[in-house]
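Please treat every number below as a calculation from the coordinates, not as lab data. In this text, all values refer to a predicted model and were calculated from it rather than measured experimentally. Backbone-built Cβ (ideal geometry, glycine too); neighbour counts: all protein chains shown.
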Amino acid sequence: HTEKDLQQLFSAIDDAENDDTVPLDRWIKAFGHEEVILAENVIDSHKGKQLANMGTPLYVAVVLNNTAAFKHLIEANADCNRPHSGHGDTSLLHACQHGYDESLRVLLRCHGMKTASHSTIDRKIFLGQGMPQWEEGGQSALMVAACHGRVDAVRQLLQHEEALSLLTATDTFGRTALQATLDSIAESESENKVADLMNIARQLLEAAGADDVESALAQGIPDQADARERQRQRMQAVRARCLSAERKMKERDRERGLRAISKHYSPLHVEPYSPDAIQRAACTEIAAVTEPFPKVFVFPLLSRALCSKVWEELHHYEQAACDNPSWELPLRVRHDGNLGDLQDCGFRPLLDVLTEVCSEILARSMPEMRAVEAYHAFVTRNYVGRDENATFKMHCDKSELTLNLCLHASDPFSGSTVGFYQPGAPGEVPSDHDRVFTYQHTVGQAVMHTGDTWHRTDPITLGTRGSLIVWARRKGRAAAE
């Protein structure tokens, strides 16, 4: 779908609230009840795309809390049980979480609604400034409504024919809706929320047939410190499950991508994929290594001829992936528009040889590091006029070791140097006065440094420059999350 399609859907949903359902019917006739998926251009992406799944029209209507549109879509045979294919949320769960009581009322009357089958999945969401938060899976609609303090939603669910199933359903930690509500009462600091949660707990106890509701309530609320500790442990477990699922998904994607490359892609140059050719072009003269600043090493690494072929091959691969989307070649576009995750795009032989050479240098200069392996690699492309050119920040990397190999530099070319800085006090970012070494890029030459070394790329002032960046870690150690 396009952005225009999405805006037309928003407009049609608004019109439905004013009793005009013709635009919504027209939209459904054109696109059906399938999920609305946008292919968005990424700024400075070199034709890169990213997908944004907005959910089905029914889900969009619930998110917008437009009951009229939601009801009309139900009448038009929308699937009221369908989960979002990305994060697993459903219209029912969303209405319960946010207290959209009118939409919930329509849903519970929907023919074919399988209320007890709706449950959350483990997932990671991002709050402001990219801070991750983990949400627990296995929570029923009743538990979601209860823990969010939605009094009327709980009342509606307990009046539903599947109320008994909802009352006895447990989450992935074995808690019922009542137990989860009691935990939320103990954890909460808000008086208003506690009042709503107490109301809900009484409803749940009455529905469960408690003889003495007030006594059961008083005895059931756990100690606040204990409740918060259990919450911390639950979130720790959910985080571990999410990370494990992410790793498995990435591995499946990687294997699928490599199969697509093997089936469809014809390289422009074969040398970047040949360990023997790369090894012949690599410089292994340890004497050529200099250390201008502690744990920063400069040395010739690859011949200019092979660097040129690698540079051309990277762009040839990128173009083939963009021009032939049906091949489904892996194409990872980074936040800055550059090509990333090269380790999953068939360039593993190149990365392995480069890290072998680095390991030989480390064995002599930093024996505590010794053998390293590449786990992430990407391209940087700097040119005059690029938006990000003036905003490079002083930073440390997430790697244990970073390799920066210059693959391309135009003639003429100036700027785009890398400054290295003396670290300040723990937690403090160095100032410009702390710069102790400025590295000048030369094609075929590399600078290698530990990930905790402060550095910054300077603006390019003339021409173009491109590098291969490799993040490595000691063999047998997991990458920093």
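Return the distance in nm (one decimal) between the two label points of a simple spin-label model at residue 319 and residue 133, each offset 7 Å from Cα along Cα→Cβ.
So the label points at residue 319 and residue 133 sit 4.6 nm apart.
Considering the options 217, 11, 425, tell which one lies farthest towards the positive end of the dipole of the chain, charges being +1 on Lys and Arg and -1 on Asp and Glu at the Cβ, about the Cα centre.
Farthest along the dipole direction, towards plus: 425.
Considering the dipole of the chain built from charges on the beta carbon (Lys and Arg +1, Asp and Glu -1) around the Cα centre, which of 292, 476, 98 is farthest to its positive end?
Going by the charge dipole, the pick is 292.
With the Cα gyration tensor of segment 245-380 giving a ≥ b ≥ c as the square roots of its eigenvalues, does the rule (a/c under 1.5 for rounded; else a/b larger than b/c for prolate; else oblate) give rounded, prolate or oblate?
It is prolate, given that a/c is not under 1.5 and a/b is the larger ratio.
Beta carbons within 10 angstrom, averaged per residue: use that to sort the peptides 13-25, 212-224, highest first.
The packing order, highest mean first, is 13-25, 212-224.
What's the magnitude of the charge dipole for segment 336-429 around its Cα centre, counting Lys and Arg as +1 and Asp and Glu as -1 at the beta-carbon? Answer in Debye, nearest 20.
The dipole of segment 336-429 has a size of about 160 debye.
With a cut-off of at most 12 other beta carbons within 10 Å, and DSSP calling the residue loop, which GluC sites (Glu not before Pro) in segment 335-376 qualify? Please list them.
Within segment 335-376, the qualifying GluC sites (Glu not before Pro) (loop, at most 12 other Cβ atoms within 10 Å) are 368.
Determine the shape class of segment 137-225: with a ≥ b ≥ c the square roots of the Cα gyration tensor eigenvalues, call it rounded for a/c under 1.5, and otherwise prolate if a/b is greater than b/c, oblate otherwise.
Note, shape of segment 137-225 comes out rounded.
Give, in nm to one decimal, the length gained when the segment between residue 384 and residue 434 is fully stretched (0.36 nm per residue of separation minus the Cα-Cα distance).
The residue 384-residue 434 span can extend by a further 15.4 nm.
For residue 442 and residue 335, what does the FRET efficiency come to when R0 = 22 Å and r is the distance between their Cβ atoms, rounded to the nearest 0.05?
After rounding to 0.05, the efficiency reads 0.20.
First measure r as the distance between the Cβ atoms of residue 214 and residue 240, then evaluate 1/(1 + (r/R0)^6) with R0 = 41 Å and state the FRET efficiency to the nearest 0.05.
0.60
Pick out, in residue order, every one of the GluC sites (Glu not before Pro) in segment 276-316 that is DSSP loop and has at most 12 other C-beta atoms within 10 Å; say none if there are none.
Counting only loop positions with at most 12 other Cβ atoms within 10 Å, the GluC sites (Glu not before Pro) in segment 276-316 are 285.
If you filter segment 128-208 for GluC sites (Glu not before Pro), then keep DSSP loop positions with at most 15 other Cβ within 10 Å, what is left?
Passing sites in segment 128-208 are 161, 189.
Report the charge-dipole magnitude of segment 381-469 in Debye, nearest 20, computed about the Cα centre from +1 at each Lys and Arg Cβ and -1 at each Asp and Glu Cβ.
The dipole of segment 381-469 has a size of about 220 debye.
Can you grab the distance from the C-alpha centre of segment 396-441 to the C-alpha centre of segment 215-271, Å, no decimals?
33 Å
Tell me which residues come under 5 Å, amide H to amide H, from residue 332 once H is placed; ignore anything under 5 positions away on its chain.
Counting only residues 5 or more places away or on other chains, the set is 340.
With θ set to phi - 60° and the Karplus curve 6.51 cos²θ - 1.76 cosθ + 1.60, what are the ³J(HN,Hα) couplings of segment 160-173 in order, to the nearest whole Hz, using x for Gly and Pro?
7, 5, 9, 4, 4, 4, 5, 5, 8, 5, 10, 7, 6, 10
Helix 224-264 versus the longest principal axis of the chain: what is the Cα-based angle in degrees, 0 to 90, to the nearest 10?
Helix 224-264 sits roughly 50 degrees off the main axis of the chain.
Taking the Cα centroid of segment 93-155 and of segment 163-199, what is the distance between the two, rounded to the nearest whole Å?
Using only Cα atoms to place each centre, the spacing works out to 13 Å.
How large is ³J(HN,Hα), in whole Hz, for each residue of segment 427-439 in order, when computed from phi with the Karplus curve 6.51 cos²θ - 1.76 cosθ + 1.60 and θ = phi - 60°, using x for Gly and Pro?
Per residue, the Karplus-derived 3J(HN,Hα) values read x, 9, 7, x, 9, 4, 6, 8, 5, 10, 7, 10, 9 Hz.
For segment 402-481, rounded, prolate or oblate, judged on the Cα gyration tensor with a ≥ b ≥ c (square roots of eigenvalues), a/c < 1.5 rounded, else prolate if a/b > b/c?
Oblate.
From the backbone phi of segment 189-203, what are the Karplus-calculated ³J(HN,Hα) couplings (6.51 cos²θ - 1.76 cosθ + 1.60, θ = phi - 60°) in whole Hz, Gly and Pro given as x?
9, 8, 5, 5, 5, 4, 4, 5, 5, 5, 4, 5, 4, 5, 4
Kirkwood hydrodynamic radius, segment 171-269, all distinct C-alpha pairs: what's the number in Å?
About 17.1 Å for segment 171-269.
Below 10 angstrom from the Cβ of residue 138, what's the summed charge of the other residues (Lys, Arg +1; Asp, Glu -1)?
Net charge around residue 138: -2.
If you place +1 on the Cβ of every Lys and Arg and -1 on the Cβ of every Asp and Glu, how big does the dipole about the Cα centre of the chain come out, in debye to the nearest 20?
That gives the chain a dipole magnitude of about 1560 debye.
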